[in-house]
Structure formats: structure tokens, C-alpha cells
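Contents: one structure, followed by commentary.
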Amino acid sequence: MTTTTSVATPKVQIRHVGKVFSGVPAGTPAALQDINLSIKDNEFVTLVGASGCGKSTLLRILAGLEHHSSGEVLCSGRAITAPGADRAMVFQHYSLYPWLTVMENIKFSRLLKVGRENLSSSDVEAASGRADALLNLIGLAKVANAYPNQLSGGMQQRVAIARALMGRPQVLLMDEPFGALDAQTREVMHDLILHIHRIEKTTIVFVTHDVDEAIYLGQRVVLMAPRPGRVERILDVPLPARRSQDMKVGVPFRELRAEILASIRESSGMATDFDLLEKLSQQSEAF
């Protein structure tokens, strides 16, 4: 008797994707060129690279906010051509509605749905229960009736994350969501998003310019390079699923960090710039 082993379809598939923006001068390198990447269900993948490498453009293509010029992008085997309920995006700027409370911001998408569709009272109660659960998950149950201007930046971003999770998206896309936060708050948010990932079991694609953040959060780090934007390398992160901040001083973390930083400097030309600065410094000392 012959048995066959089924292979699970990747949650996200990016095949030979390219992006050329219209109106750019002739000869300008493509924003993205021949991007290939498969992301498994419930995987946490981080994208990192120098400015101009196209990581945010790629994320916007996954969200359906930007159209790719070539190739194909799939979510659960279906082509991505527009925004959809299977994907949610969290931006660097919180984009909360200032006239709504924390709870109302989280439930906003469901409130729109109630206005458009004939939902039963049980549907509305289920949405309220989901919002309550998310408030507890992000640790903001005590400020459910507060307004955004009464919250810190970190608290506002928690609300934005909860709002994105409200509809149970299959994929959570995050574009430098902690970039505007101070170092201490960022660490708290790192541990929070890892906890949310374990509980919600959502596939997460996370864009950052911070190498430490990329390593600490990701199961894999996708290293991108500019001019044209491309995938330079994909690296597995040698850390356990349960992570703690003290791992950042360990040898595996530091070695991977050094490797990624060296690749970024090389691919972006910064290594050459450093060599030139060193030569200029030596010349100035000679005079």
C-alpha cells in the first residue's frame, strides 16, 4: 500500500514579484525585482534592510494597497489583488479615531458591518466579547472608555493592534509599528506581540529597520537589499520560541546581528563609505 504525504499550502506565497513605479526617470532601478518568498501558517517573519530596499512596498503589496508590476502574490492560495478581511495592517502611526473611545476604536470595523448587514443580537454580543478579550490580551481593560489623547504612544499602538486583530485576520502585516516608541516601551511591545502571536496563532509579516528587533521577533529574518529592491538572504533565527530580553546578549543573537549588519553595509554601499572615510581620516592626519 502506498501512502502519500500532503504538503501544507504556505499561508503567503510571493513568486517572482517585481514593482516599477510609474513616472520615475528612465534607468531608475526597480523598487522590487524577482522577489520569491513563502511564509508558513502561524510563522513570524521579519523584513529588514537599508532604506530604499522595498520592504514597505512589499508589505503594501501583501496588504493589497499597492499593485505589483510582475509575478504573483497569494494568500491561502488565492491571488491578492485588493485589501481583504483575511489580512490586516498595523502602521507606524496609530491612526486611531480621536472621537472614539478605546473600546469603540477596537470595535469600529464591526460597527460598520452592523450598519451594512442584517446581523443578529448574538452576532453583536460575540463581537463585544471578542473586543473584551482583546482588551484583556493587550492589558488595557482599565482604559476601555478612555480616548486616544489620554493614552501614551505605546498604549495607542496596543489599541491599533487589537483593532487589527478584531476580525481574526489570517495574516497580520506590521510596518515599523514600534518605530516611534522609546527603547523601554519598544521592549514591552516586543514581548506583547510575541505573546499575541502565541495566543492568536496569526501569521505575522513585520517590517523594521532595527536589526535587533528583527532577530528578537522573527522565526526567520528576510534580509533585503536596495537598487533594485531584492531578497539578499533569508536567515533562520537560532532562538527558542519562548524568548526573553536577556537573549540579546547571548552569543547566537550577537553573531546573527553582526552577520546581518555586515550584509546590510555591504549591499547598501555603506561598507565602501566607511573605507573611504577611514582613508580620508588617515590623509588628514598626515597633514
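How many residues, within segment 142-163, are farther than 14 Å from LYS107 by Cβ, in contact with a helix residue (DSSP H, G or I) (Cβ under 7 Å, 6 or more places away or on another chain) and not in a helix (DSSP H, G or I)?
Residues in segment 142-163 being farther than 14 Å from LYS107 by Cβ, in contact with a helix residue (DSSP H, G or I) (Cβ under 7 Å, 6 or more places away or on another chain) and not in a helix (DSSP H, G or I): 2 in total.
Within segment 201-238, how many residues turn out to be acidic (Asp, Glu), closer than 22 Å to GLN157 by Cβ and in contact (Cβ under 8 Å) with a residue 60 or more places away in the chain?
2
One line per residue, one yes/no per condition, for (1) touching a residue at least 24 places away in the same chain (Cβ under 8 Å); (2) surrounded by fewer than 16 Cβ atoms within 10 Å (Cβ to Cβ); (3) more than 17 Å from the chain's Cα centre (by Cα):
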position	(1), (2), (3)
GLN13	yes, no, no
HIS16	yes, yes, yes
ILE39	yes, no, no
GLY49	yes, no, no
GLY52	yes, no, no
LEU65	yes, yes, no
MET89	yes, no, no
TYR94	yes, no, no
GLU104	no, no, yes
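For segment 177-185, does any single residue satisfy the condition of being in contact with a Gly (Cβ under 8 Å, 6 or more places away or on another chain), assigned to a helix (DSSP H, G or I) and closer than 28 Å to LEU256 by Cα?
yes
Quick one: is ASN136 over 22 Å from PHE44 (Cα atoms) and either under 23 Å from the mean Cα position of the chain (by Cα) or among the small types (Gly, Ala, Ser) (or both)? If you could, list the steps in order and put the result at the bottom.
Numbers: over 22 Å from PHE44 (Cα atoms): yes; either under 23 Å from the mean Cα position of the chain (by Cα) or among the small types (Gly, Ala, Ser) (or both): yes.
Against the criterion (over 22 Å from PHE44 (Cα atoms) and either under 23 Å from the mean Cα position of the chain (by Cα) or among the small types (Gly, Ala, Ser) (or both)), ASN136 qualifies.
How do the strands (runs of 3 or more DSSP E) wholly within segment 4-107 filter down when requiring 1 or more residues that are polar (S, T, N, Q) and farther than 30 Å from GLY154 by Cα: which remain?
Passing ranges, in order: 12-19, 32-39, 70-75.
Only the coordinates and a few stated rules stand behind these numbers; no lab work does. The shown structure was predicted, so the numbers you read here are calculated from the model rather than taken from an experiment. So basically every Cβ, Gly included, is an ideal-geometry build from the backbone, and we count neighbours across all protein chains shown.
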